[in-house]
Amino acid sequence: RGAGLAKNTLTIAAVGDVLNYVDATSVAVTSFSSWGPSDDGRIKPDLSANGDALYSTDNAGNTSYTTKSGTSMASPNAAGSMALLQQHYRDTHSGASMRSATLKALVIHTADEAGAYPGPDYKYGWGLLNTGEAAQLISDDGKQNVIDELTLSNGGSYSRTLTASGNSPLKVTVVWTDLPGTPVADALDPTDAMLVNDLDVTLSRNGTSYYPWKLDVANPNAAATNSGKNSVDNVEQVYIADPAAGSYTLTVNHAGTLSGGSQAFSVIISGIDEYNAVPASCSADLVSPADGAVDVPLTTTIEWEKVYDATSYDLYFGTDGGGVTTPTNIENGTNVPTNSYGPSLQSNTTYYIQVVPRNNQGTAGGCNTIWSFTTETATKVTSFPFSENFDGFTTIGSGNDWSNATDDDADWSVNSGTTPSSNTGPNADHTSGSGNYLYTEASSPNYPGKLFTLLSPLFDFSALNNAHMEFWYNMYGANMGDLHVDVYDNGVWNKDVLLLSGQQSVDGNDWKVATIDLSAYSTGTTQQIRFRGITGSDWLGDIAIDDVVIRGEAFHTYIAGSTESYTFANTDASINFTTANSGQLTLETIKTAGDPGTVGSLPSGVVNVSPERYWTVNALSGTADGIYSLSLDLAGMGGISDYSTLVLLKRADSSSPWSAVGSNNYAGSGTVVEWTNISDGFSQFGIGGAADNSLPVALAAFTAAFERQAIVLEWKTESETENQGFILYRKDDPDQEWRQIAHYKDQRELRGRGSVSVATRYRFRDGDIAPNTSYRYRLADVDYAGRLNYSKSIEVQSGDFRPGGEIPATFVLEKAYPNPFNPLVTIRFGLPEAMPVTIEIYTVAGRKIKTLFDGELGAGWHARQWRGRNDQGRQVSSGLFIYRIRAGENVFSEKILLVK
């Protein structure tokens, strides 16, 4: 135990095997691996490696092998890997060897993230050992990466300017072999500092400093921070996840005095681009698919041979050019940071690709090779819902385009009844008890850790709203492994959208259901589902799946006799059965933005219904006879002053009246409200406001149209509750902020009617517009408490201002209107040609108070508006004013009257 706490050793935590690392959640520490911290707070363990069920020699005989677990397996695993890295360094660095601190820095620097938070922790250390990444960094030393061994003198400082590439994280790791600390007297958990020479590492750019990770010994489960210096560890790492491209300054100095007069240290740097010449070569070959390949799967990721001195590639890709000229109709010189590209491919199509390596000095010359490949003739599923129970299968591939992958260890199989192995797998299929299911046979030689990969047909989810998938699985067996579900979309495999690990079923009859939200994986036009079964440590690990369904909208199946709470993705709705349904029930939930409307009268005590959203819950199969609660997240819903008095309304359909159901069980904080004790099935649900908690104006219509050189806005309310009036906002450009253009306090036509249950129509004319321009408008109604409830925005295009479509032959000035005015007046004029224009506002005494416009305008018709404010932005008093317009040599004046 004492050696494991030493400063200069590499202490290894034991984790389970990670066959396909996706992110930190892929790494799980074993139950027998010890955690830190050390008494003085140093980060221990340093690193994680596989130490669970490793295949190793056994003392039963000279040729015996078995599986063993422990940190005593993780440590030799790491040691052997590091020995190979040292040999690789010698092979690439003229026979020189790395210092121990350098090797330690290298494996810490290249470790994969593990644990609950970014950065190091006291369970996994700096992460999962990644020998391949460490070897690649050695190969790239000096250009994209740096491995340096340096010495800092007492009182000295080391600095270096780095050029970040900007397309990958900027990371600096510094490690030094520290002198022995002073032994402490016997005590329980002494906190005496063991660090002798305290080096400090910082990165800086444009006045901003970036500090190393550090942990808090008093809060060992807390996330690592990087807000200041680390005075505890002899490992320091500065990490910038998304750096701006350009120069950074690395500084290494020290606190106090260096014992021994100096300190050797090792530094590893990655994420830089410091070449002094353009890439020396072009990419030699198309790796995947091969150049000229045919029947290429639509889910292929394109990869070309990496160029060692390139930091990115200019990609030309398309179906044009015929292999003779550069393809451009899909990607035309797009810069990509890696030597791979995931396009959305179409069936039976020939594609061409050309890549040009690039670094900070420019692009490689003469890279004119154009590769090509042709995709498979494939059929996509475009009709939904999609359902597959496998009952028509004899073997995989014999129906509906399901297939086994060829780059795995073993195949999924079709089966009915029990699997060949006892005490594992299902007793029968889920659908009928006499049909088929697909499963992985874990018997020898298919364990341990063997991969079975099953591919679904190709889909096109682009027309599906809120796509979801449901499937049933049985994972019964004492040595159960893992089931990974991946989704392909838009050129990328999204791994582990669902991961099930270990035994999930209590016996062969215990089929369970999984529901997956696919809405985030519907951006492209080609999708595919991949089931990856990985066996456990022995043969009791058969995995089975059945009844795969994909459909639009969120849905989920509740198992008969069980009470379960399920949150329907993207609907803000959760349904929890408190009294179990007698039969299996599949529910679909839809959230609709907009006013559900009202038929007949509302239930007693309900003043109005929220016009912003409502929910529909449909029973797709089964009969709802249980009692349930419904929880809805009402975040963003306007006009709510007291969540505890809101009423849940239910109706059969839009032609039926509302009734009140359930009991409001609001928790007292937040925006989620639960209504309990609901029965009589499902249908449509809305939110009702009681008299002391009325909801906003029920806006029935909001339209805009271009009329006579103005935008005319009209809206209608079905009812109003404590409505003071409306504020009108406009955007002249989608990227601009909303700008208030009219307020009910200034415009009588925008004043509300308080509380009424009859329809009211409103109209407003916006004359401050330009010709042939797109505008976006939205309304806000204001209740008596001053709360604003915003409408959806609408967009409208103005037309041509020119009468008859002609540019005037001479300068034309129309009469200002309205006149008298409040609060704004419009001045319209036509120019025969481009010329300078000045518009000024004067008092009748001749004092200028406002320059309305001063600049050049083109030929055509124009309009400018004055809102009764002076150059200081203050509202002027009512009275008579004069505006004067100078357009080239033309000067005109007109009186205008502001009334209030």
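Listed values, structure above:
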{"item": "Spread of Cα-to-Cα distances over 5 Å intervals beginning at zero, given as percent, for region 284-398", "result": "2, 11, 19, 21, 16, 10, 7, 6, 5, 3, 1, 0, 0"}
{"item": "Footprinting exposure proxy for 844, 606, 172 (fewest neighbouring C-beta atoms within 10 Å first)", "result": "844, 606, 172"}
{"item": "Three principal axis lengths of region 143-266 [C-alpha, angstrom, descending]", "result": "52, 37, 24"}
{"item": "Residue-by-residue Karplus 3J(HN,Hα) for region 359-372, coefficients 6.51, -1.76, 1.60, Hz, glycine and proline x", "result": "9, 5, 8, x, 9, 5, x, x, 8, 9, 5, 10, 8, 8"}
{"item": "Computed E for residue 835/residue 795 - FRET, C-beta separation, R0 30 angstrom, nearest 0.05", "result": "0.40"}
{"item": "Chymotrypsin sites (Phe, Trp or Tyr not before Pro) within region 286-356: DSSP coil, no more than 15 neighbouring Cβ in 10 Å", "result": "308"}
{"item": "Region 346-389 versus region 495-569: alpha-carbon centroid distance in Å", "result": "31"}
{"item": "Order of 381, 307 under a 10 Å beta carbon neighbour criterion, fewest first", "result": "381, 307"}
{"item": "Inverse mean reciprocal Cα-Cα distance (Kirkwood Rh) of region 36-183, Å", "result": "17.7"}
{"item": "Relative contact order, percent, the chain [alpha-carbon distance under 8 Å, six or more residues apart]", "result": "6"}
{"item": "Cα Rg, Dmax, region 3-270, angstrom units", "result": "18.8, 66"}
{"item": "Rule-of-thumb Rg ratio for region 567-690 [Cα; 2.2 N^0.38 Å; N residues]", "result": "1.00"}
{"item": "q = 0.18 Å⁻¹, region 632-751: log10 I(q)/I(0) [Debye, one scatterer per Cα]", "result": "-1.07"}
{"item": "Cα gyration tensor, region 766-826 - rounded (a/c under 1.5), prolate or oblate", "result": "oblate"}
{"item": "Difference of contour (0.36 nm per residue) and Cα-Cα distance, residue 83 to residue 241", "result": "53.9 nm"}
{"item": "With eigenvalues of the C-alpha gyration tensor scaled by 5 and rooted, region 804-898, Å", "result": "24, 14, 11"}
{"item": "Ranked 291, 507, criterion: other C-beta atoms within 10 Å, fewest first", "result": "507, 291"}
{"item": "Debye log10 I(q)/I(0) for region 49-112, one point scatterer per Cα, at q = 0.15, 0.16 Å⁻¹", "result": "-0.61, -0.66"}
{"item": "Estimated FRET transfer efficiency when R0 is 56 angstrom, pair residue 874-residue 645 (beta carbons, to 0.05)", "result": "0.80"}
{"item": "Normalised alpha carbon radius of gyration of region 573-636 [divisor 2.2 N^0.38 Å]", "result": "1.34"}
{"item": "Helix axis angle, 100-109 relative to the chain longest principal axis, alpha carbon, degrees", "result": "40"}
{"item": "0 to 90° range, to nearest 10: angle between helix 71-92 axis and the chain longest Cα axis", "result": "80"}
{"item": "Cα extents of region 380-552 along the three principal axes, largest first (Å)", "result": "45, 31, 27"}
{"item": "Inter-label distance for residue 633 and residue 223, nm, one decimal - labels placed 7 Å from Cα along Cα-to-Cβ", "result": "1.8"}
{"item": "In range of the label at residue 891: residues from region 841-873 whose backbone nitrogen is under 19 Å from the point 7 Å along Cα→Cβ", "result": "841-856"}
{"item": "Kirkwood-type radius of region 698-797, with distances r between different C-alpha atoms, in Å", "result": "13.8"}
{"item": "Where labels lie 7 Å past Cα in the beta-carbon direction, separation of residue 191 and residue 807 in nm", "result": "8.0"}
{"item": "Estimated distance in nm for a label pair at residue 765 and residue 579, the labels positioned 7 Å out from Cα along Cα-to-Cβ", "result": "6.3"}
{"item": "Size descriptor, Kirkwood hydrodynamic radius, that averages inverse alpha-carbon separations across region 1-44, Å", "result": "12.1"}
{"item": "Calculated FRET efficiency for the pair residue 899/residue 707, C-beta based, R₀ 25 Å, to 0.05", "result": "0.50"}
{"item": "Between region 422-442 and region 262-319, the alpha-carbon center distance in angstrom", "result": "45"}
{"item": "For residue 458, distant residues with modelled amide H under 5 Å away", "result": "381"}
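None of the figures in this text is laboratory data; all of them are computed from the coordinates on show. In this text the structure is predicted, and so the values were computed from the model without any measurement. Backbone-built Cβ (ideal geometry, glycine too); neighbour counts: all protein chains shown.
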